[in-house]
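Worksheet for the structure shown next.
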Amino acid sequence: MSATMAKVALITGANRGLGFEIARQLGHAGVTTIIGSRDLAKGEQAADQLRSEGLEAETVALDVTSESSVKAASEQIAAHHGRLDILVNNAGILPEATADNAPGPLDLAMFRQTFEVNLFGAVAVIQALLSLMRRSDAGRIVNVSSTMGSLTDQGDPSSPYYELVVPAYQTSKSALNGITVALAKQLAGTPIKINSVCPGFVQTDLTPQNRSQAPLSAEEAARFVARMALIAQDGPTGQFVDQQGTVAW
C-alpha cells in the first residue's frame, strides 16, 4: 500500500501512556496515526517520537470535552486526509482513584466530570468524525472500555474487581458499551465496525497509586487494541472483548 493510500487513524488522548502505544503499534502496521492531544505541544512531542522511529505520525489539538475543539479537529482531518479509517476512543479519566476524600456512595460532581470525558467526549468525537469514516472502505471504531464496566462482573463475588467500587467510572464505561451496541446496529450494512475493548489492567497514569500492581505494560495492552482496530471485514462488530475473548455485558 502506498503512503497516499495508507490507512489513517485518530487516537484520542494519545500523547502518552496507552494511547501513545496504540499509535505506535498502528504506525508499525503501516497506518498514518494522528495523535489527539489536549496539549498541542505534548502531542507534537509524541508525534516527533514516532517519526524518529520512521513512522507516519502527526498531531491534532483535541479536547474531547470541547465542542469547538472536536469540530476543529474534524475539519483539520478532513482537509488533510479527506477520510478517516480508524478511530480509537482512548481518552478517559478515573478521578475517583485519586480523590483525597471518599465522596460517599455517590458524588454528582464526580459523575459529571467522569461522564464528560469517558462518555460524552467519545460520543462527540464519533458524531463529528462519522461522515469521514463513511468515506473509508473499512472504517473501524474502537471504544476503550473496561471489565469494570461489565455489570455481570460487578455482581460476581469471584471477580478480582468485585471489591473495587468506583461508580462514576464503572457506569461511564457501561454506558460507553451501550453506545457500542447501538451504533453497531445503526451501522449494520456499512463497512464500519465498532467494538468495545478492555485492554486489561495497564501500567498507566490513570491509576497512579496502583501502577506497580498492574500486570500489563502499555505496550503489551496496546497490541491488542491495535489488533482490534485492524480487524478484517469478517471480524466482529458490536462486541465487548478483552485478550481472553468475549466479556459479559
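Quick note: the coordinates plus some simple rules give every number you see, no bench work behind them. Since this is a predicted model, take the numbers as computed values, not measurements. Counting neighbours? That spans all protein chains shown, and the Cβs are built from the backbone with ideal geometry, glycine included.
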*In Å and from the alpha-carbon atoms only, list the Rg and Dmax of region 57-98.*
12.7, 40
*When the helices in the chain are scored as -39500 (n - 2.57) per DSSP H run of 4 or longer and the sum is shared across all residues, what 222 nm value do you end up with, to the nearest 500 deg cm²/dmol?*
-12000 deg cm²/dmol
*Scaled to the compact-protein estimate 2.2 N^0.38 Å, what is the alpha-carbon radius of gyration of region 3-246, rounded to two decimal places?*
0.96
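Where Lys and Arg each count +1 and Asp and Glu each count -1, what net charge lies around Ala229 among other residues with Cβ under 14 Å from its Cβ?
Details: positive: Lys7, Arg24, Arg140, Lys193, Arg223, Arg227; negative: Glu21, Asp85.
Charge balance in the 14 Å sphere: +4.
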*Please give the length that would be gained between His80 and Leu164 if that part of the chain were fully extended, namely 0.36 nm times their separation in residues minus their C-alpha to C-alpha distance (nm, one decimal).*
25.9 nm
_So if I take the centroid of the Cα atoms in region 99-169 and the same for region 1-42, what is the distance between those two points in Å?_
21
*What's the extension gain from Thr152 to Lys185 if we count 0.36 nm per residue and subtract their Cα-Cα distance?*
9.7 nm
*Taking the Cβ of Gln186 as the centre, find all other residues whose Cβ is under 15 Å away and add up their charges (Lys, Arg: +1; Asp, Glu: -1).*
+3
_Please list, by residue number, everything in region 14-47 whose backbone N is under 19 Å from a paramagnetic label point 7 Å out along Cα→Cβ of Ala72._
14-15, 34-47
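List Ser159, Ser74 from most exposed to least, where exposure is judged by having the fewest other Cβ atoms within 10 Å. The partial results should precede the final answer.
Working: Ser159 15, Ser74 22.
By the 10 Å Cβ count, ascending, the order reads Ser159, Ser74.
List Leu164, Leu108, Leu119 from most exposed to least, where exposure is judged by having the fewest other Cβ atoms within 10 Å.
Values: Leu164 15, Leu108 9, Leu119 21.
Listed from fewest to most nearby Cβ atoms, that is Leu108, Leu164, Leu119.
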*How would you rank Asp85, Asp63, going from fewest to most other Cβ atoms within 10 Å of each one's own Cβ?*
Asp63, Asp85
*For the Cα atoms of the chain, what angle does the longest principal axis make with the long axis of helix 17-28, in degrees from 0 to 90, nearest 10?*
30
